[in-house]
Amino acid sequence: MSQEKTIFKKIIDKEIPAEIVYEDELCLAFHDVSPQAPVHVLLIPKKEIVNVASLEEEDRVLAGHLLMTVGKVARELGVDQDGYRVVANCGLNGGQSVDHLHLHILAGRQLNWPPG
Ligand code: AMP
């Protein structure tokens, strides 16, 4: 990949700091720098994938692993009992600002629906 690294790739490569809450061989979770809820964690694959629309057949296992990991991270954060929201912003209208697939895990307060 010839483009400049995204901020999340720099976090994966440990070039910039993040408050990491979970890490395994395939993915990484860390606190969002601008939290929108009392608990706001981002779960990302270590592989460079732009967003859910960019997932390919070869990413099937990784995509499943990412989803399976949400519950594990939520339990470790202690938010699994009260509930939480999982969001994947995709593209311009989705409000995606970082071009590296990420799942927002939001918790710690009653979240509104529909979202803004
Ligand atoms: P999105 O708008 O869905 O692309 O979400 C990107 C998220 O990344 C936003 O919630 C930002 O606050 C968050 N973010 C940007 N830079 C960092 C960083 N260095 N560490 C943690 N979170 C970040």
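Points worth noting:
- For Leu106, net neighbour charge (Lys/Arg +1, Asp/Glu -1) across residues whose Cβ lies under 11 Å away: +1
- Net length available on complete extension from Arg85 to Lys10 is 24.4 nm, with 0.36 nm assigned per residue and the Cα-Cα distance removed.
- Checking every one of the GluC sites (Glu not before Pro) in segment 24-116 against DSSP loop status and a limit of 10 other Cβ atoms within 10 Å picks out Glu25, Glu56.
- Anisotropy class of segment 7-107 from Cα gyration tensor, a/c 1.5 cut: rounded
- Residues of the chain: accessible area per residue with a 1.4 Å probe, Å²: 63 Å²
- Accessible surface of the chain, 1.4 Å probe: 52 percent of it comes from carbon and sulfur atoms.
- Taking the chain as the region of interest, the number of lysine pairs whose Cα atoms are within less than 13 Å, with members eight or more places apart or on different chains, is 8.
- The angle separating the long axis of helix 60-77 from the principal Cα axis of greatest extent in the chain is about 40 degrees.
- Nearest-0.05 FRET efficiency for Ala63 and Asn93, computed from C-beta distance (R0 30 Å): 0.85
The values are calculated or read from the model by the stated rules, or taken from the named source; none is laboratory data. In this text, all values refer to a predicted model and were calculated from it rather than measured experimentally. Cβ: placed from backbone, ideal geometry, glycine included. Neighbour counts: every protein chain shown. Please note that ligands, DNA and RNA were not included when accessible areas were found on the heavy atoms of the full protein model with its side chains. Shrake-Rupley method; radii C 1.70, N 1.55, O 1.52, S 1.80 Å.
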